[in-house]
Amino acid sequence: MAAVPNREHVGVTAKEIVVRVVALLTLMLLGVFSASLRAETGDQHAQAAARGLVGTTAPRLVLKTIDGQTIDLASLYGKKAVYLEFWATWCVPCRQQMPHLKQVYEQAGPDLAVIAVDVGFDDTVQDVRNYRRDMGLKMPIVFDDGSIGEAFHLRVTPQHVVIGRDGRILFIGHEANAKLEAALLAARTSTASSGTLAAMPSEEPHYDVGDRLPDLAVPTLSGEAFHLPSQTGKNQPTVLVFLSPWCETYLAGSRPALAASCRAVREQVAALSRDTHVRWLGIASGLWAGKDDLLAYQKDHHLTMPLALDASGTLFRSFRVMHVPTLLVVDAQGRIVRRIEGVDPQLGGELKVLASR
């Protein structure tokens, strides 16, 4: 016969069960709250992108899909509505909303062009191809080099952009909800415009290894400008650290290796940036990040180097940075001498040599 547990044992077990149930419910509520908070923040970023764009004539861009096809947006304006969804393979809400994008594409008809735009940030074309295969995606997919996102003020993923048949931007949002559905319906029925289309965006200069830094005054969180190249007259090399304040946390689940790389580089930079013989500037992407996010990141990790928020993505594009963390090492004469992605154990020694020249 099995032993019968005494009352004391039963009582303790029941209490443990109650405690565990309460803990589980608390975690569930926190999860719901966290998801709600992310949605609210995403909406806020999308609203920031919408300001100054909604109601304006859409940019004239020529897009190239990952299959080599060309899409001339200007040729579509005045004929059909256009729906662009900016997304990334590592983005959780993008994955959640992907079935909606598939459905819109499958039911689009001849009066709506549906285009998926991978933001290109910490993604590769092969990542996108693998995701397309796994999800069975059929719509045209474009891999952005940053220029499309810049034209549509990309601030968040997913970011929905709806352009009416009249060639004007009708809606920008973050969630696949009733507002988006209403915008898609209104876009198809908007009257074609005979007005002048927006001009093609101008070509931006780019800087690679071997080039000299442009003359820039980059505003930092403290309000002071960080000058490129240095105007101090000192023989100081400079390191530009391109980063994202959410890389270590948000990507821990979907891209653990990348999250670990972000943490390792942040720890290396925090140690090396104590050397006053080298100038350091952290440049944060404006994707999913604002000034408050960057200030919190600076405080949480006790960073002493100046930080700048590249809200428009201009610096990321100018230096062709599509992955974080990326470091650009610049000599005392203002010439870019190295590009580093991830931790380089030799960086400290190399900087000492550069500083001694």
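Considered as an equivalent ellipsoid built on the Cα gyration tensor, region 120-252 has semi-axes of 37, 22, 16 Å, the largest given first. Its Cα centre serving as origin, the chain has a Cβ charge dipole (Lys and Arg +1, Asp and Glu -1) of approximately 160 debye.
With N counted as the residues of region 38-178, its alpha-carbon radius of gyration over 2.2 N^0.38 Å works out to 0.96. Within the accessible area of the chain, the carbon and sulfur atoms contribute 56%, probe 1.4 Å, all protein chains present. Once both labels are positioned 7 Å from their Cα atoms along Cα-to-Cβ, the gap between residue 314 and residue 356 label points is 3.9 nm.
Close Lys pairs in the chain, defined as Cα atoms under 28 Å apart and 8 or more places apart or on different chains, number 17. Summary of the geometry: region 277-330 and region 91-121, compared by the centres of their Cα atoms, lie 30 Å apart. In order along region 285-299, the Karplus-derived 3J(HN,Hα) couplings, from 6.51 cos²θ - 1.76 cosθ + 1.60 at θ = phi - 60°, round to 5, x, 6, 6, 8, x, 4, 5, 4, 5, 5, 5, 4, 4, 6 Hz, and Gly and Pro are given as x. Taking a ≥ b ≥ c as the square roots of the eigenvalues of the Cα gyration tensor, region 107-179 is oblate, since a/c reaches 1.5 or more and a/b is not larger than b/c.
The Kirkwood radius of region 60-130, taken over pairs of alpha-carbon atoms, gives through the Stokes-Einstein law at 25 °C and 0.890 mPa s a diffusion coefficient of 185 µm² s⁻¹. Summarising the overall dimensions of the chain from its C-alpha atoms, the Rg and Dmax are 24.4, 90 angstrom.
Taking all C-alpha pairs of region 280-323, those more than 16 Å from each other amount to 35 percent.
The values are calculated or read from the model by the stated rules, or taken from the named source; none is laboratory data. Given the structure is predicted, the values throughout are model-derived calculations rather than measurements. As a convention, Cβ positions derive from the backbone with ideal geometry for all residues, glycine included, and neighbour counts pool all protein chains shown. For accessibility, only protein heavy atoms count, side chains too; no ligands or nucleic acids. Shrake-Rupley method; radii C 1.70, N 1.55, O 1.52, S 1.80 Å.
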